[in-house]
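Asks: Please see the structure below; I have some questions.
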Amino acid sequence: MVIEVVRIGQRVVRDDRVTTHVALVSRAFGAQKIFMTEVNPEIKDTLDKINKTWGGNFRVEFIDKWKSIVKKKKAGNFKIVHLSMYGENINDVEDKLRNEENLLVVVGAEKVPREIYELADYNIGVGSQPHSEISALAILLDRIQKGKQFEKSFPDAKRKIIPTKMGKNVQVNETRD
Ligand code: SAM
């Protein structure tokens, strides 16, 4: 399954830390790519550095208009999943989502344009209480992949963590620069 993420909404530029965390969660929880509007270019540098150290090829793409990418993906065999506390309960739709081939997950920032509710194939609530795009995204990605995302390896990593009961065990690949 291909999973990509797009962050929409106004004033994203004032919200660099949250945006970075949305991107980090996307990468660590098995998405391949994130699209962002109006963001600080440093976020892409941060993610590139993370890829270099911890592996994989997660991509950050800056876009001008969220609507064009949503429409393009929709026309290209992706189902659009919009995370919103007003949506259907995730418990009722997670099985259906697992059978989809390609997903574009849309998360909001401060203010979400009304149109996204109509463009989405699924409006999904991770509970019906307001919380955060970071937590909503993490839970959605985990429900869809049932934890399997944590069994995947990130190729070409300079550092690899060997999970351990106590302390830190990190394998360092000296051949990577
Ligand atoms: N006030 C905004 C609105 O009216 O849409 C919501 C802002 S909220 C801080 C930012 C984003 O977090 C939302 O757009 C949504 O993607 C996500 N989010 C927050 N709570 C959620 C929930 N219970 N279920 C799913 N997504 C949620």
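The values are calculated or read from the model by the stated rules, or taken from the named source; none is laboratory data. These numbers were taken from a predicted model, which means no experiment stands behind them. Every residue, glycine as well, gets a Cβ built from its backbone with ideal geometry; the counts of neighbours run over all protein chains shown. For accessibility, only protein heavy atoms count, side chains too; no ligands or nucleic acids. Shrake-Rupley method; radii C 1.70, N 1.55, O 1.52, S 1.80 Å.
For (1) closer than 30 Å to A157 by Cβ; (2) open to solvent by less than 20 Å² (accessible area, probe 1.4 Å); (3) at pLDDT 95 or above, each residue gets a yes or a no:
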{"residue": "V5", "(1), (2), (3)": "yes, yes, yes"}
{"residue": "G9", "(1), (2), (3)": "no, yes, no"}
{"residue": "D15", "(1), (2), (3)": "yes, no, no"}
{"residue": "L24", "(1), (2), (3)": "yes, no, yes"}
{"residue": "P41", "(1), (2), (3)": "yes, no, no"}
{"residue": "N57", "(1), (2), (3)": "yes, no, yes"}
{"residue": "V70", "(1), (2), (3)": "no, yes, yes"}
{"residue": "K79", "(1), (2), (3)": "no, no, yes"}
{"residue": "H82", "(1), (2), (3)": "no, yes, yes"}
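Asks: Is at least one residue of region 27-36 within 12 Å of A109 (Cβ to Cβ), out of contact with any His (no Cβ under 6 Å at 6 or more places or on another chain) and open to solvent by less than 10 Å² (accessible area, probe 1.4 Å)?
Replies: So far as region 27-36 goes, yes, one or more of its residues are within 12 Å of A109 (Cβ to Cβ), out of contact with any His (no Cβ under 6 Å at 6 or more places or on another chain) and open to solvent by less than 10 Å² (accessible area, probe 1.4 Å).
Asks: Those residues that are surrounded by 20 or more Cβ atoms within 10 Å (Cβ to Cβ), in a loop (DSSP other than H, G, I, E, B) and among the small types (G, A, S), I need them from region 117-136; list them, please.
Replies: A120
Asks: Could you list all residues from region 89-111 that are open to solvent by 30 Å² or more (accessible area, probe 1.4 Å), near the ligand (Cβ under 10 Å from one of its atoms) and either among the acidic types (D, E) or part of a strand (DSSP E or B) (or both)?
Replies: Correct list: N89, E110.
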